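One structure is given here, and the rest of the page talks about it.
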Amino acid sequence: MTRKIENLYRFNKLEAYTFKQKFLIRLADLSFYTLIKLIGRTITFEIAGWENFEQIENDKKIPIYAFWHERIFLSTYFFRNRNIIVITSQSFDGEYIARFIQRLGYGAVRGSSTRGGVGALAQMIRLMKQGLPMGFTIDGPKGPCRVAKTGALLLAKKTGNPVMPFVVEAEKFWTLGSWDKLQIPKPFSRAKVFIGELIYLTTDADNEEIEKKRCELQKNLDQLIEMGKQWRENL
């Protein structure tokens, strides 16, 4: 890797923050990392649709991972240590999020849909052309919950790589009162990873085609959620 790419997997310096902010960033970073790692290790995973992931490799393409924000806990654990690049916001929250995902083998590009988003997407395009996979919470960073946005599709158009929708369904979980109804899996339970059909865009896709594919992505993820629900109910 070049030095610029290596830096995506390293912590940013905290010179711009106060002593208290530095302490809280490090505390949140280690707390979330420890929680994800400890609970994740107790989960027994099953997988459906892995042939879709293998198809990407067979086609010599690179995956653009797309999933709902509410499932970020187990998704982050399951796909750890794959050098996946994700966007984290240019904020206090974004700083500790970047740190704990970097501990799990992810790279962090700074930006969001409200600040720095265009520049972050351009950087992701460049990085993907260098062979790095990308990950999107497709309804993030602030919702609406389970409403697909177009960031991953725009990246697919620019790079020729497929969007790979997936859902991680936990057998038992707690639901937080956040905007995304974040799910925290209960230790020593089961989970199933559902990988959906790949979505490609041509480089000349217009806005109408992008919207069509967004609806396809929405439908695909909705179907995976339903499959997960049925799996859980049949346990």
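The values are calculated or read from the model by the stated rules, or taken from the named source; none is laboratory data. What you are looking at is a predicted structure, and each value in this text was computed from that prediction instead of being measured. Cβ: placed from backbone, ideal geometry, glycine included. Neighbour counts: every protein chain shown.
Taking the stretch 63-116 as the region of interest, how many residues are buried (at least 20 other Cβ atoms within 10 Å of the Cβ), assigned to a loop (DSSP other than H, G, I, E, B) and at pLDDT below 95?
Qualifying residue count for the region: 2.
So which residues in the stretch 5-57 are crowded, with 16+ Cβ neighbours inside 10 Å and in a strand (DSSP E or B), if there are any at all?
Within the stretch 5-57, just Ala48 meets the criteria.
Filter the stretch 56-75 down to the residues that are in contact (Cβ under 8 Å) with a residue 60 or more places away in the chain and more than 17 Å from Thr159 (Cβ to Cβ) and list them by number.
Phe67, Trp68, His69, Glu70, Arg71, Ile72, Phe73, Leu74, Ser75
Name the residues in the stretch 185-205 that are of a type in the set (A, V, I, L, M, F, W, C) and not in a strand (DSSP E or B), would you?
Phe188, Leu198, Leu201, Ala205
What number of residues within the stretch 184-224 are surrounded by fewer than 17 Cβ atoms within 10 Å (Cβ to Cβ), under 19 Å from Ile43 (Cα atoms) and of a type outside the set (Gly, Ala, Ser)?
So the count comes out to 5.
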